[in-house]
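Presented below is the structure to which this report refers.
Rule-based calculations on the coordinates, nothing more; no lab input. Everything quoted here is computed from the prediction, not taken from an experiment. Cβ sites come from the backbone with ideal geometry, for glycine too, and all protein chains shown count toward neighbours.
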Amino acid sequence: MSNANPASSMTAPASPHDRYVQGIRINLGQFIWQAVQVMFVGLVIGMERNVLPVVASADFGVPKTSFLYLMSFVISFGVVKGALNFIAGRLSERIGRKTVLVLGWLAALPIPLLIDFAPNWWWIVAANLFLGINQGFAWSMTVTSKVDITRPEQRGLATGINEFAGYAAVGLAGIVTGYLSHLYGPRAALLGFALVVIALGLVTAILFVHETLPWARAESHRHATDQHMGPKPRFARGLSDHPTARQVFLFVSFQHPTFSALCGAGVANKVADTLLWVLFPLYLHQQGLSLVQIGWVTGVYGLVWGASQLWTGPLSDRIGRKKPVVAGLWLLGAGIAGVMLAHGIAAWLLAAAAMGVGMALLYPNLIAAVADISHPNWRSSSLGTYRYWRDTGYALGALALGLIAQAKGDMAPAFWFTAALLVLSGGWVLLRAEETHPRLPPRRRPEAVRASM
């Protein structure tokens with residue numbers, strides 16, 4: 001008889017990490033539900049973009065020339081959303097992505113009530129504090145969850161679809177609320193629209209969204225055990241496998257040249273978005289456009305931005321992240337300058353479309369670039385840090401643009417300032433950032449080339 005232990009001839013049990021395979025096709029159901037979630041989040045923020053800046057004077061007593069006062073609701077939104085982006089990233093590594101997502105929807109519940117009952121503009125500022133929490137928690141988690149369940153070489157496509165769903169919804173909400181406000185009045189339109197959207201977002205998050213943190217942990221395990229298949233990511237060096245929140249924040253914000261250039265580009269693009277959120281519709285109103293016409297112009301910007309990300313994300317999976325980001329910053333700047341140089345609704349629609357394509361080239365690919373070089377153990381914190389700086393750009397932009405317009409008594413200098421900032425930011429990314437896509441070689445710095453000769 002053989003003395004061999006029967007158990008020794010048995011196949012070792014599969015690792016629990018083997019259950020969590022990355023890829024869009026294999027996780028298609030969850031991928032779709034995450035896209036539905038970000039669509040609802042986009043509808044919530046989009047409902048404000050057309051209506052509130054235009055009716056601020058008539059409904060809430062904001063003086064027409066008090067640009068800084070008008071910008072206060074964006075400042076409150078940007079400060080809260082920026083901070084909550086980082087908190088959400090760190091928190092989701094401890095309690096899970098889904099829990100943070102649901103918390104984001106619960107925070108949205110007071111928004112429509114505060115707008116409907118607002119006796120003055122400060123209630124709108126308060127409503128946007130809750131909007132910042134909702135966006136910081138809910139939108140952040142849709143991005144993080146999609147990155148969790150997709151392969152590295154698919155992340156341009158994944159983030160492109162995510163931001164398409166969100167920003168197409170932003171544009172759609174601007175058009176729909178423009179018509180609803182014309183029919184029922186601004187407050188009633190925003191109340192009814194927001195209550196329906198928030199209820200749908202919360203219920204679907206609870207019932208249909210799954211926790212994706214196990215996918216991130218499984219990916220980390222595969223890298224640690226050298227089982228990763230496909231292109232090998234070039235994770236940024238300089239952090240331990242389990243860094244503190246402070247270490248991640250400082251590393252991504254200031255210490256790593258590629259990360260810091262991407263964060264700077266994020267700030268610049270949100271300064272531009274602040275201009276287009278508040279001053280663009282107000283400028284169009286001063287030029288004689290109706291609320292419905294303004295809704296179409298701002299809606300085209302959002303819809304083109306959203307829809308174009310269906311090709312700009314996959315484009316970066318083929319040619320890399322850096323080229324689309326630089327091109328997007330410069331095209332967005334050109335579109336903003338075009339608003340000042342052109343006149344008439346047809347010209348403004350064309351400028352809005354150009355700005356939408358510019359945003360589509362840079363927006364999802366900044367996220368994908370940050371994710372490319374972030375280790376799975378701290379990727380959510382890294383994305384949270386980038387999103388902190390990017391969305392703090394709302395507050396910085398609102399403050400800077402409000403002061404510029406206030407000082408001059410005119411909105412034109414704010415447009416030119418923003419266009420120049422975007423051009424400079426594109427140059428910074430071009431000179432400082434490395435290519436991050438795992439299939440493409442990074443640009444060799446001159447000192448590295450000399451050393452190899």
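Per-structure values
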quantity	calculated
Partner aspartates and glutamates for LYS322 [C-alpha distance under 13 Å; skip if fewer than 8 residues away on the same chain]	ASP372, GLU434, GLU435
Helical mean residue ellipticity (222 nm; -39500 (n - 2.57) per DSSP H run of 4+; nearest 500) of the chain	-25500 deg cm²/dmol
Segment LEU430-HIS182, extension gain: residue separation times 0.36 nm, minus the distance between their alpha carbons	84.8 nm
Gained length - GLU211 relative to ALA412, 0.36 nm times residue gap less alpha-carbon distance	67.7 nm
R0 of 41 Å, Cβ-Cβ distance LEU106-ILE32: FRET efficiency to nearest 0.05	0.95
10 Å binning of all Cα-Cα separations within segment 317-380, expressed as whole percents from 0 upward	23, 37, 24, 12, 4, 0
FRET efficiency, GLN255 to THR204 (Cβ-Cβ, R0 51 Å, nearest 0.05)	0.80
Proportion of all alpha-carbon pairs of segment 337-453 beyond 24 Å (%)	46 percent
Projected area averaged over orientations for segment 222-315, convex hull of C-alpha atoms, nm²	9.4 nm²
Within segment 126-150: backbone nitrogen closer than 18 Å to the ARG25 label point (7 Å, Cα to C-beta)	149-150
Cα-projected label distance for LEU113 with LYS232, points at 7 Å along beta-carbon direction, nm	5.6 nm
VAL423 paired with ILE345, simple spin-label distance in nm, labels 7 Å along Cα-to-beta-carbon	3.2 nm
Residue (of GLN255, GLY266, ILE404) at the positive-pole extreme of the chain, dipole from beta-carbon charges	GLN255
Semi-axis lengths (Å, descending) of the ellipsoid that matches the C-alpha gyration tensor of segment 172-289	42, 25, 12
Positive-end residue, the chain charge dipole about Cα centroid, Cβ charges, pick of TYR386, LEU172, HIS437	HIS437
For the chain, fraction of C-alpha pairs farther apart than 43 Å, in %	14 percent
